[in-house]
Amino acid sequence: MTDAELVRLVRCGDGAAFEALMTRYKGPVYGYILSLVHSEDVAGDIFQEVFIKVFKNIGGYREEGKFGAWVYRMASNLAMDHFRRSGRLGAKEIALDGEDAETELHSVIASSEQTPEQRLAGLEDVVRVRAALDRLPPEQKEVVMLKEFSGMTFQEIADSLQVPLGTVLARGSRAIKKLRTMLESENEPM
């Protein structure tokens, strides 16, 4: 069943359809939130807030938009609200449990067949990348995280953030250049 079909059923009061939508988006949305806040407790709270808002505002969802983009925009807004309330621009804690593959950057995850030394090196890479991501301006970090965790196209990200496509592309390009520079500078010999 498509998102649009499930949304129509939810609007008619079908609780199972709402649960299906929530299950469909649980992993990716929770992973995205966790990547922003780096705290499982806070991510869980924000995730719940997102789906409470989805439930309360489903009547206002316009079906010509993509449901996933609508959900990610809510998640992004609630995460930013969390940072505003807490007085921080970014989180400093880094969860390293590695249990939920969706919370890691896919290009850095260590395989279960690797040696303990290789796994540790992979975790160190994750820490470096996350630390570099945390140093990006919030607008650039948001584009990278939406692209990485949601699988959204740049156009969908632009629609979700309600900014022009060119703005999203520029933010993404600047973010990648900054990340590359930060990570390369860490590898230079002292």
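Quick check on my filter: what residues within the stretch 1-53 are of a type in the set (A, V, I, L, M) and either in contact with a Cys (Cβ under 7 Å, 6 or more places away or on another chain) or within 16 Å of GLU63 (Cβ to Cβ) (or both)? MET1, ALA4, LEU6, VAL7, LEU9, VAL10, ALA17, LEU21 - these are the residues of the stretch 1-53 that are of a type in the set (A, V, I, L, M) and either in contact with a Cys (Cβ under 7 Å, 6 or more places away or on another chain) or within 16 Å of GLU63 (Cβ to Cβ) (or both).
Under 8 Å between Cβ atoms, at least 6 apart or on separate chains: pull out the pairs that start in the stretch 137-154 with a residue that is closer than 19 Å to ARG180 by Cβ and assigned to a helix (DSSP H, G or I) and end on any residue that is at pLDDT below 85 and basic (Lys, Arg). Listed by first residue and then by second, the contacts come to PHE154/LYS147. Counting the residues of the stretch 152-174 that are under 22 Å from ALA131 (Cα atoms) and open to solvent by 50 Å² or more (accessible area, probe 1.4 Å) gives 3. Taking first residues from the stretch 1-27 that are open to solvent by less than 70 Å² (accessible area, probe 1.4 Å) and partners that are of a type in the set (Ser, Thr, Tyr), the Cβ contacts under 8 Å between residues at least 6 apart in sequence or on separate chains come to VAL7/TYR61.
The values are calculated or read from the model by the stated rules, or taken from the named source; none is laboratory data. Quick caveat, the model's predicted, so the values are computed rather than measured. In this analysis, Cβ positions are derived from the backbone assuming ideal geometry, glycine residues included, and neighbour counts consider all displayed protein chains. Heads up: the accessible areas ignore ligands, DNA and RNA and are worked out on the full protein's heavy atoms, side chains in. Shrake-Rupley method; radii C 1.70, N 1.55, O 1.52, S 1.80 Å.
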